[in-house]
Structures are given as structure tokens and as C-alpha cells.
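The values are calculated or read from the model by the stated rules, or taken from the named source; none is laboratory data. The model shown is predicted, which means the values in this text are computed figures rather than measured ones. Cβ: placed from backbone, ideal geometry, glycine included. Neighbour counts: every protein chain shown. We work out accessible area using only protein heavy atoms, side chains counted, and drop any ligands, DNA or RNA first. Shrake-Rupley method; radii C 1.70, N 1.55, O 1.52, S 1.80 Å.
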Amino acid sequence: MGRLTCLQLVLTAGMLITGSINTLSKKAQNDCTVGYNNSGYSAPHKFDHPWFQTLVMFCGEALCLIGFAIQRTRENRKINRESLFTQFSISESGDYADQPEGVIYHRPPVCHWIFILPTICDLAGTTLAGIGLVIVNASVWQMLRGSIIVFTGLLSVVFLKRKLQRFHVVGISIVVFGLCVVGLSAVFSQSQSGESWKLGVGILLIVAGQLASAAQMVVEEAFLKKRGFPPLQVVGMEGLFGVILTAGVSDR
């Protein structure tokens, strides 16, 4: 296993930082209360809208299509320049015998039905985790999201026919132990208040959401990676399909 490049390190750090900001901002939204004053005449109304948060996430992902359009435009210009240069070189040399009949640049279509599969997994995973965030603390929620490592490893073995090395098994075992400690400590801390069952439901929702997110990763690698879709196109189309599906489900 080679060393990480500078770009990979920057992307990893960016993922950790933006992921933490995402958790804190979503929890801050859930803690917002309106319709309440110091006199207590109005009943408080909390912001409990995980569906809306999922919709906002998909809208942000759909914006990647703008970057993809810019990338595709640059590629088209490069292809046109190379084609003109080739034709000019042949005309200058006068050797038309070796002139290619035409170079076909195969690129995947922009819109494809295969994007619906990871979108459904992303929709289920983000929404279930969002509902769980309403119930549990942000710190517990963030640590329980580590269960995606366990599910991704298991699903990779079953569907992608991957073989886990010893250090993979050791790492997954440590993660499972840590998840059990975090979950049990959170439940026991609320046992005296009588709401431990509610916290347990939140933990189950978070874990189920991570299972759906792990399925999304496996689906993306199994169906999208080998087709050569650019990352901006994958994220953008999943966001577009996600907006449509989320709006349709919320309208029900």
C-alpha cells in the first residue's frame, strides 16, 4: 500500500472538517425553537425536519453539475483543438494514406438510470441518520457513524468478493468494540430519566442509516466505477435524482 499523495491528504482533511461542520450545523438546526417567550404563553416548536435537511444536501450535490458542465466544455474544446491539429498536420505532409477515418471519443452519457440506485441508498441513509440526530447528541451521532466501516467491509466481502486482511479484521473489531461502548454508555446515561428506549431507537436509526450508506458505496463501486463516470457527474446526478425523489416523498 503506497503513501498518500498531497491531494489525497487534503481531500481527507477536508472531508473530516466539513463532516464535523455538517454535524454541528444540523444539530444546531434541530435545537432551534420558535414560538416561545420568557413569559411562557406560547408553546415551543422545535425544528424537527430531517427530510428538509436531506433535500438541502441533495441540492448542494446537484450544484456539482455546474462544475461537470465546465469540465465537459473544456474537454470538448481540447478534442476540437486536437482534431484540427491532426487535420492540419496531414494536409501539410500530403500523406493522406495514413489519415484516420475518425477518432471516436467514447464518453458516458450525462443522465443514466443507474444513478437512481445509489441515490435511493443515499436518501435512506441520510434521512435515517438525520432522524437519529434529532434524538441523540451530536457527539454520539458522530461516533456511531463509524459503523459504516463495519458494514462497508462486510458488504464488500459479500458482493464485491473482496478479501479482508488481518489488519482489516482487527480494525473492524476495534470499531465494533468502540461502538458498543458508546451506545451502551449513552443508553445507561439516560436510564434514570426513563427515556433510554427513545435513545435506543435513535441509535438503531443511525446504525440503519450507516448500513444504507455502506450499500451506497458498494453500489457505486460495482456499477459506476467500471463505467468511467467522472466524480462530478456521479455526485451531481445523484443530487438531481435525490431532489426529485425527496420532493416526491415529502409531498406525500
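Consider segment 21-40 and keep the residues that are among the β-branched types (V, I, T) and touching a strand residue (DSSP E or B) at 6+ places or on another chain (Cβ under 9 Å). The one that is modelled with the highest pLDDT is T33. The set of residues in segment 223-235 being within 13 Å of the chain's Cα centre (by Cα) and open to solvent by 70 Å² or more (accessible area, probe 1.4 Å) consists of P231 alone. Among the residues of segment 127-142 satisfying the criterion of being within 15 Å of S213 (Cα to Cα) and open to solvent by 20 Å² or more (accessible area, probe 1.4 Å), which is modelled with the lowest pLDDT? Only one residue fits best here, namely Q142. Pairs are defined by a Cβ separation below 8 Å, a sequence spacing of at least 6 or placement on different chains, a first member in segment 211-225 that is modelled with pLDDT under 90, and a second member that is charged (D, E, K, R); no pair meets this definition.
Within segment 189-201, the set of residues being part of a helix (DSSP H, G or I) and either of a type in the set (S, T, N, Q) or surrounded by 21 or more Cβ atoms within 10 Å (Cβ to Cβ) (or both) comprises S189, S196, L199. The listed residues are T12, T73, T18, and the only one of them that is modelled with pLDDT of 80 or more, in contact with a Leu (Cβ under 8 Å, 6 or more places away or on another chain) and open to solvent by less than 90 Å² (accessible area, probe 1.4 Å) turns out to be T12.
Restricting the first member to segment 226-242 and to residues that are among the small types (G, A, S), and the second to residues that are not in a helix (DSSP H, G or I), the beta-carbon pairs closer than 6 Å and six or more apart or on different chains are G228/P108.
Residues are listed down the side, and each one gets a yes or a no for (1) open to solvent by less than 90 Å² (accessible area, probe 1.4 Å); (2) in a helix (DSSP H, G or I); (3) not basic (K, R):
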site	(1), (2), (3)
F151	yes, yes, yes
L155	yes, yes, yes
K161	no, no, no
H168	yes, yes, yes
V176	yes, yes, yes
L179	yes, yes, yes
L184	no, yes, yes
V187	yes, yes, yes
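Of the candidates E238, E220, the single residue that is of a type in the set (D, E), assigned to a helix (DSSP H, G or I) and open to solvent by less than 30 Å² (accessible area, probe 1.4 Å) is E238. So which of V249, V207 is open to solvent by 20 Å² or more (accessible area, probe 1.4 Å), β-branched (V, I, T) and modelled with pLDDT of 95 or more? Unique residue meeting the criteria: V207. Residue selection: S185 fails the criterion of being under 15 Å from the mean Cα position of the chain (by Cα) and not basic (K, R).
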